[in-house]
1. Arg30 versus Ala90, label points 7 Å from Cα toward the beta carbon: distance in nm?
2. So what's the projected area for the range 133-173, the Cα convex hull averaged over all directions, in nm²?
3. Run the dipole for the range 20-87 about the Cα centre, Lys and Arg Cβ at +1, Asp and Glu Cβ at -1, nothing else charged, and hand back the magnitude in debye, nearest 20.
4. Taking the Cα centre of the chain as origin and charging only Cβ (+1 Lys, Arg; -1 Asp, Glu), how large is the dipole, in debye to the nearest 20?
5. Over the chain, what is the relative contact order in whole percent, taking alpha-carbon pairs under 8 Å and six or more residues apart?
6. Across bins of 5 angstrom width beginning at 0, how are the C-alpha pair distances of the range 20-87 distributed, in whole percent?
7. I need Asp73, Asp61, Asp53, Asp146 ordered by Cβ neighbour count within 10 Å, fewest first.
8. Over the chain, what lengths in whole Å, largest first, do the semi-axes of the equivalent ellipsoid take, defined as the square roots of 5 times the eigenvalues of the alpha-carbon gyration tensor?
Amino acid sequence: MQPRLLSEFSIGSRGAQCGEWVMLAYRVPRTPSTPRIAIWRRLKRMGVAQLNDGLVALPLDGRTREALEWIADDVVAVGGEASVWIARPASLAQERALAARMAEAVASEYQAVSSEATSAGEREPWLRRRTLARLRRELHRTRRRDFFPPPEREQAEAAVAQLAATLEEAVRR
């Protein structure tokens with residue numbers, strides 16, 4: 001994949017302050033593993049960029065900062081250590097690489113939605129309806145962690161819209 005310029009990403013679309021990131025440095029006890037896994041899953045759902053073991057980052061806005069502060073509180077509650085930081089990458093190249101990595105992560109999710117929406121168009125109407133509802137939920141979840149929308153986002157949205165149109169057409173017949 002060709003590296004994209006940071007300016008190609010719509011940083012301001014989510015209220016992120018250009019160049020500022022909220023970071024969570026954390027360490028969760030190894031045992032029991034349940035809290036560690038729960039925290040990891042929450043971070044993954046948020047779409048964090050994993051910088052190192054126990055160090056994640058998101059573009060700074062009120063929502064991301066609050067979410068990482070809540071997770072930090074949860075880490076401390078299970079006997080771990082956590083701190084939230086506001087930082088800027090040392091160079092524009094580092095920020096571009098971080099943004100590109102985050103965009104690539106959601107691009108594959110959008111591609112999967114597009115593929116499934118396209119193949120679902122040939123199914124029975126009742127199955128298309130179920131698939132459409134699930135894909136809309138998946139799009140919503142992916143958009144929530146999509147801080148730097150890749151072109152695949154528009155393709156996935158178009159594929160889901162096309163699936164909805166074929167379903168509507170099938171119902172009219």
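None of the figures in this text is laboratory data; all of them are computed from the coordinates on show. From a predicted model like this one, the values you see are computed outputs, not experimental measurements. FYI the Cβ positions are ideal-geometry reconstructions off the backbone, even for glycines, and counts take in every protein chain you see.
1. With each label point 7 Å from Cα toward Cβ, the separation is 3.1 nm.
2. Averaged projected hull area, Cα only: 2.8 nm².
3. Computed about the Cα centre, the dipole is about 360 debye.
4. The dipole of the chain has a size of about 500 debye.
5. Averaging sequence separation for qualifying contacts and normalising by length gives 27 percent for the chain.
6. That works out to 4, 19, 32, 27, 12, 4, 1, in percent per bin.
7. So the ranking, lowest neighbour count to highest, is Asp53, Asp73, Asp61, Asp146.
8. Gyration-tensor ellipsoid for the chain: 35, 21, 12 Å.
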